[in-house]
1. Please give, to one decimal in nm, the separation of the simple spin-label points placed at E67 and F407, each 7 Å out from Cα toward the Cβ.
2. Using Cα springs under 10 Å in a Gaussian network model of the chain, which residue among V268, V253, V124 shows the largest mean-square fluctuation?
3. What FRET efficiency, computed as 1/(1 + (r/R0)^6) with R0 = 51 Å and r the Cβ-Cβ distance, is obtained for E353 and D192, rounded to the nearest 0.05?
4. Could you work out how much longer the chain between I392 and Q33 gets when fully extended? Use 0.36 nm per residue separation minus the Cα distance between them, nm to one decimal.
5. Could you give the length gained on full extension between E291 and R325, defined as 0.36 nm per residue of separation minus the Cα-Cα distance, in nm?
6. So in the chain, what percent of DSSP beta bridges are antiparallel if you round to the nearest 5?
7. As a test of the formula, what do you get for the chain when each DSSP H run with n ≥ 4 contributes -39,500 (n - 2.57) and the sum is divided by the residue count, at 222 nm and rounded to the nearest 500 deg cm²/dmol?
8. With Rg and Dmax of the Cα atoms in Å in mind, check [x] 21.0, 66; [y] 28.2, 83; [z] 23.6, 80 and report the label derived from this structure.
Amino acid sequence: MTVHSQIQDETGRSVKPSYFNSPPLDVSVAFPQATPASTFPPLASDYYQFDDLLSPEERALRKKLRECMEKEVAPIMAEYWEKAEFPFQIVPKLGALRISGGTIKGYGCPGLSLTGSAIAMAEVARVDASCSTFILVHSSLAMLTIALCGSEEQKQKYLPSLAQLKTVACWVDGGWVLEGQKRWIGNSSFADVLVIFSRNTTTNQINGYLIKKDSPGLTATKIPNKIGLRIVQNGDILLKKVFVPDEDTLPGVNSFQDTSKVLAVSRVMVAWQPIGISMGVYDMCARYLKERKQFGAPLAAFQINQQKLARMLGNIQAMTLVGWRLCKLYEEGKMTPGHASLGKSWITSMARETAALGRELLGGNGILADFLVAKAFCDLEPIYTYEGTYDINSLVTGREITGFASFKPASVSQRSRL
């Protein structure tokens with residue numbers, strides 16, 4: 001029991017202990033019974049040996065990504081997540097991995113298979129979800145839009161430096177390019193180029209534009225007070241009479257259908273983020289339960305904990321195989337919007353359950369970012385929502401399998417006829 005002191009000095013102010021403003025103990029000193037995530041746990045979540053389904057090049061890429069993330073990002077991720085700041089010092093290291101641009105061929109881009117790009121996304125997310133979102137927005141949205149919809153001159157101008165992460169991009173859909181606003185845009189406060197989709201009020205069609213940072217009339221300010229993906233610098237973008245010259249108009253964007261070919265790839269990539277996050281959560285829990293002892297035995301020795309671990313592991317195997325099949329359907333030209341939507345919605349829901357089980361397993365340490373699980377628990381919430389909520393994605397699949405669109409409620413006249 002703690003008794004709060006009401007002792008005051010002669011001025012009436014409360015007298016606080018001399019150690020009141022002391023810095024917190026390092027977590028490894030405060031809790032030596034288990035290793036924090038700054039020393040990342042070894043991979044334990046590939047129970048069905050998913051590596052066997054990958055090509056030698058994809059396996060090598062996976063290994064390279066894992067080593068870099070564990071060495072360069074894991075030691076600093078909790079600190080930057082707590083501060084809600086982006087660690088710009090890791091950008092050159094991410095650039096050296098040659099994953100930016102994903103499936104894009106030429107222009108200095110890696111030309112990966114979709115499966116290779118997906119496992120790269122998962123390996124980044126396994127250690128830090130915010131870093132994977134940074135790559136997702138930059139690569140699978142902004143760069144891919146330029147590659148699929150830009151002119152040859154625009155590709156030559158922008159893609160090589162974006163592929164090396166010497167410049168950074170963000171992606172904005174909606175609003176009017178000269179006068180409008182948009183919220184929740186990742187990377188926007190520091191992006192060198194903004195890829196913007198807007199509705200033309202004359203044709204009522206969607207057009208695409210490239211806007212450079214510091215363009216007159218453009219502002220992008222960070223959204224504060226997030227509880228998830230705190231390292232990602234989401235912004236509010238305001239466009240006030242921003243002039244876009246003809247050479248910065250994307251010739252391949254003339255309707256909403258033109259944006260769909262970009263979103264088809266990005267939705268697959270988003271589905272792989274929760275796979276990676278869940279892998280990290282399981283890996284952390286597996287090590288923690290073996291290290292942490294209670295009643296003279298490791299927590300891993302208790303039945304209920306083993307049952308939760310097995311359920312988490314089963315979720316991850318199923319999520320991984322659904323994600324892998326989604327990649328293959330895309331590569332074979334067979335993936336439909338319903339496939340992508342079901343994959344994204346179901347995988348994110350399984351990831352939420354997996355993170356919740358991990359949160360339970362770690363007890364009090366399950367609410368500390370130092371042990372990864374609490375951070376992953378929060379980071380999954382925005383991923384569950386963006387690229388279409390669980391409910392909307394379910395309705396996209398529902399429309400495809402039934403032939404009936406149920407997005408809008410029936411009108412009053414329709415209801416009266418029922």
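Only the coordinates and a few stated rules stand behind these numbers; no lab work does. Just so we're clear, the structure is a prediction, and the values are computed from it rather than from any experiment. Cβ placement follows ideal geometry from the backbone for every residue including glycine, while neighbour counts extend to all protein chains displayed.
1. According to this spin-label approximation, the distance is 4.6 nm.
2. V253
3. Details: r = 39 Å, r/R0 = 0.76.
About 0.85, to the nearest 0.05.
4. Values: separation 359, 0.36 × 359 = 129.24 nm, distance 4.38 nm.
Additional length available on full extension: 124.9 nm.
5. Details: separation 34, 0.36 × 34 = 12.24 nm, distance 3.56 nm.
Taking 0.36 nm per residue and subtracting the Cα distance, the gain is 8.7 nm.
6. Numbers: 24 of 28 bridges.
Taking every DSSP beta bridge with both residues in the chain, the antiparallel ones total about 85 percent.
7. Details: 14 runs with 191 residues, N = 418.
After summing the helix terms and dividing by residue count, I get -14500 deg cm²/dmol.
8. After the calculation, the listed value that fits is [z].
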